[in-house]
Structures are given as structure tokens and as C-alpha cells.
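Here's the structure, in C-alpha cells; my notes come after.
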Amino acid sequence: MFDNAKNPLILQTKFEDFQRYTHEALFQFPKKERFLLCGQIQTATDEAMQLIIRFRLKYYKKTTLEDIDIKVGFLRTLVREAHFFQYISTGKLGEWIGQLDEIGRI
């Protein structure tokens with residue numbers, strides 16, 4: 001039981017990579033959006049990581065998985081919104097959505 005608490009999930013390691021990529025990408029946003037859209041993306045990313053850690057430690061995991069899926073869907077929407085307002089390029093959109101899709105499949 002204690003091994004399960006110490007060893008990270010594949011989902012957790014993938015999401016940590018996603019958090020690093022997101023952190024770097026948010027620096028490229030214009031200053032006027034750093035507190036609004038960037039703040040929403042960062043908050044949703046942090047909340048998703050909290051849910052992933054909660055998922056690893058709970059016995060009944062179905063509801064937590066649903067909550068993670070909801071957060072990943074919300075992040076997809078925010079990333080598409082950033083692309084719509086041309087804060088990120090199409091290539092960065094593809095990379096970001098690709099990482100979110102991989103996390104969603106896990």
C-alpha cells in the first residue's frame with residue numbers, strides 16, 4: 001500500500017511534463033492576458049494535478065477520473081480560446097492539444 005503512495009502514476013508524470021510546457025507557453029502571451037486567460041489556464045492545470053494526486057490515493061476512483069476528464073476538457077477549451085485570439089500559433093496549438101489528448105487517453 002505504501003508503494004502505491006510513493007510511486008507516481010504514468011498519468012502524473014505526463015501531466016508534470018504538460019505543466020512544464022504550459023508554464024513556458026504562458027510566458028509568450030501578451031501582458032494584458034497574463035492575469036486573465038493565463039491565470040485561468042494555470043489554475044485549471046493546478047487543480048487537475050491535485051485531482052490526479054487525489055486519484056492515486058483514493059480507493060473509489062471513478063468520480064475522480066470523471067473530474068480529471070472535466071478539467072482536461074476545460075483546458076482544451078482555454079487553449080483553443082488562446083489560439084482563437086492569436087496568442088499562440090497553430091503549431092503550438094497542435095502540440096498543446098496533442099499533450100492534452102494523450103493525457104485524456106491515459
Problem set entry | Label-point gap, in nm, between residue 76 and residue 90 - each point 7 angstrom along Cα→Cβ | 2.0
Exercise. Roughly to the nearest percent, how much of the accessible area of the chain is carbon and sulfur, given a 1.4 Å probe?
Worked result: 57
Problem set entry | MRE, 222 nm, helices only [DSSP H, n ≥ 4, -39500 (n - 2.57), over the chain, to nearest 500] | -26000 deg cm²/dmol
Problem set entry | Max mean-square fluctuation residue, GNM over the chain, Cα-Cα springs under 10 Å, options 34, 76, 20 | 20
Seminar exercise, completed: Options (i) 1.21; (ii) 1.12; (iii) 1.07 are given for Cα Rg over 2.2 N^0.38 Å, and the computed one is (ii)
Seminar exercise, completed: So for R0 = 22 Å, FRET eff. of residue 42-residue 106 from the Cβ-Cβ r, to 0.05, ends up at 0.55
Exercise. Which lysines have a Cα less than 28 Å from the Cα of residue 62, not counting those fewer than 8 places away in the same chain?
Worked result: 6, 14, 71
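The values are calculated or read from the model by the stated rules, or taken from the named source; none is laboratory data. Just so you know, these numbers come straight off a predicted model, no measurement behind them. All Cβ positions, even for glycine, are placed from backbone atoms using ideal geometry, and neighbour counts span all protein chains on display. Only protein heavy atoms, including side chains, enter the accessible area calculation; ligands, DNA and RNA are left aside. Shrake-Rupley method; radii C 1.70, N 1.55, O 1.52, S 1.80 Å.
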